[in-house]
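Below is one structure, written out as structure tokens; comments come after it.
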Amino acid sequence: MADGTFYVTTPIYYVNAEPHIGHAYSTIMADVLARHHRQRGEDVWYLTGTDEHGDKVARSAAALGRTPREHADALSARFRALGERLEATNDFFIRTTDAGHVAVVQALVERMRAAGDIYKGSYGGWYCTACEAFYAEDDLGEGKTCPIHGTPVEWLEEENWFFRLSAYREPLLALYAERPDFITPSHRLNEARRSVEVSLEDLSISRSQIDWGVPVPWDPDQVVYVWVDALINYYSALTYARPGEDLASRYWPADVHVMAKDILRFHGVIWPAMLMSAGIEVPRRLAVHGYVLKGGERMSKTTGNVVDPNPFIERYGIDALRYYLAREIRFGEDGTFTAEGFEARYSRELANELGNLLNRVTSMVERYRDGAVPADPGGDGELAGAVEGTVATVVAHVDALDLTRALEEAWGLVRRLNQLVEERAPWTLAKDPQRARELDQTLYSLAEGLRAVAILLWPVMPGSCERIMTALGQDPAEVALAAAAWGAGRAGARVAPADQLFPRVEEEAA
Ligand SMILES: [Zn+2]
């Protein structure tokens, strides 16, 4: 960030199930960060993609009569399509089956081995012979049975390659102590620290009973553990995304890894230790968010408790979904997705507060000033100061990764402008020719304030904000944060009232 570049990632999504709104949430929030930093004129790189190896994928594929590769291709395409639908501006979409990624995984584990951190050891787990796979204790059925076959599993040990993770106890504790903002919110940093303090055991980083994975370069009978393979994507993508360009020296270390709290240990403990071992700089920050809950529970394929974002996009538009998630699910905490809550925010905030404000401003400029926004008579210093203050506050909240607060601050300006309409009552001013200057001031201030609002909300609702700019007679591409400065708008703009920004959505037939 300090060097003018900003590199942000989402987790890569595991291709053993269809995408749902939890995936959409991570992608949207990382996109908000990417867009905001582009507004600041930074050189931004935004990465997302899919995690495609491992026995779960191989088994899901087999159940569907597909090869793992066919299955990964099909599911990866679904995640890619969702990203496009969400209007995510990722610069690359990584797949862990990419040859470029596989090569870097092998090179990186070789570096860890050269550092003396890899050794051969014995790994034990619950094994199903029919599946030819190990299961974690938590995944087992009643009475220690295979979750697929329902038959008893057996405890099996195999020779694996281990990473000397325990040797990184002190370096990790030093990292947390020196960089208190390494993981946000701060209680997640404490959680990572506690887990390291309590116990940090060596990690098995290979499997011998699986073949759908990256072969261990010095022992091709084994594949690299799928999590180790997956984490390396954040670094590997930079090495081959743009052939001939050295993106690693330009963007690494990553500025922000966005993720849900269940994968904190992988990102906050294992990943930095792997990088330290390989002699690569650790990422700057991890932004850990909560779960998008449905009916008080986490969405998951296992429970079938999932929300498909597509019907909401079709009904309300993508910006409404982006806005609802960014606003309703406080970034860093769990939040609940409900259709009622969505509808309420849509009609109360988007349609009434923002959509109506735009309508009122453009129609008053048309009616009272023949469609031309008046020049600034220069009497609204307080509002100008409020806009400037809001821009600074939004930037500070985004820098603190408090994305919901940033949105709330920007929304405060929407409410202030609505208040201004009521206080100044332009329809009254328009009746008195003596008060023409006051009317000019009011119309100018509303148009200029709304332009700043459009710039501040653009990372969350890009399409709608560009429509606001166009309706105000401004260049929809002028969304740089610097352009939010009071008075920076195009002078003598002519409004171009458009259709409703957030049209009324008919009640769904029951
Ligand atoms: Zn089985």
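The values are calculated or read from the model by the stated rules, or taken from the named source; none is laboratory data. Keep in mind that this is a model prediction, so the values were computed, not measured. Virtual Cβ from ideal backbone geometry, glycine too; neighbours counted across all protein chains shown.
Annotations
- Boolean, residue 386 is free of Cβ contacts under 8 Å to residues at least 60 places away in the same chain, closer than 25 Å to residue 260 by Cα and aliphatic (A, V, I, L, M): no
- Condition check for residue 91 on (1) of a type in the set (D, E, K, R); (2) touching a strand residue (DSSP E or B) at 6+ places or on another chain (Cβ under 6 Å); (3) farther than 22 Å from residue 286 by Cα: one failure, at (3).
- Matching residues, region 317-366, being surrounded by fewer than 23 Cβ atoms within 10 Å (Cβ to Cβ), in contact with a helix residue (DSSP H, G or I) (Cβ under 9 Å, 6 or more places away or on another chain), among the basic types (Lys, Arg) and part of a helix (DSSP H, G or I): 327, 345, 360
- Test: residue 479 is at pLDDT 95 or above, touching a helix residue (DSSP H, G or I) at 6+ places or on another chain (Cβ under 8 Å) and more than 29 Å from residue 28 (Cβ to Cβ): no
- Each residue in region 132-146 was checked for being near the ligand (Cβ under 10 Å from one of its atoms), over 30 Å from residue 197 (Cβ atoms) and not hydrophobic (A, V, I, L, M, F, W, C), and 3 pass.
- On the stretch given as region 238-270, residues that are in a helix (DSSP H, G or I) and over 19 Å from residue 112 (Cβ atoms) total 9.
- One residue alone among 107, 72, 77 is over 24 Å from the mean Cα position of the chain (by Cα), hydrophobic (A, V, I, L, M, F, W, C) and away from the ligand (no atom under 16 Å from the Cβ), and that residue is 107.
- Members of region 147-191 found to be in contact with a helix residue (DSSP H, G or I) (Cβ under 9 Å, 6 or more places away or on another chain) and within 13 Å of the ligand (Cβ to nearest atom), listed by number: 147, 148
- Residue count for region 117-131, restricted to those that are within 12 Å of residue 155 (Cβ to Cβ) and within 16 Å of the ligand (Cβ to nearest atom): 4
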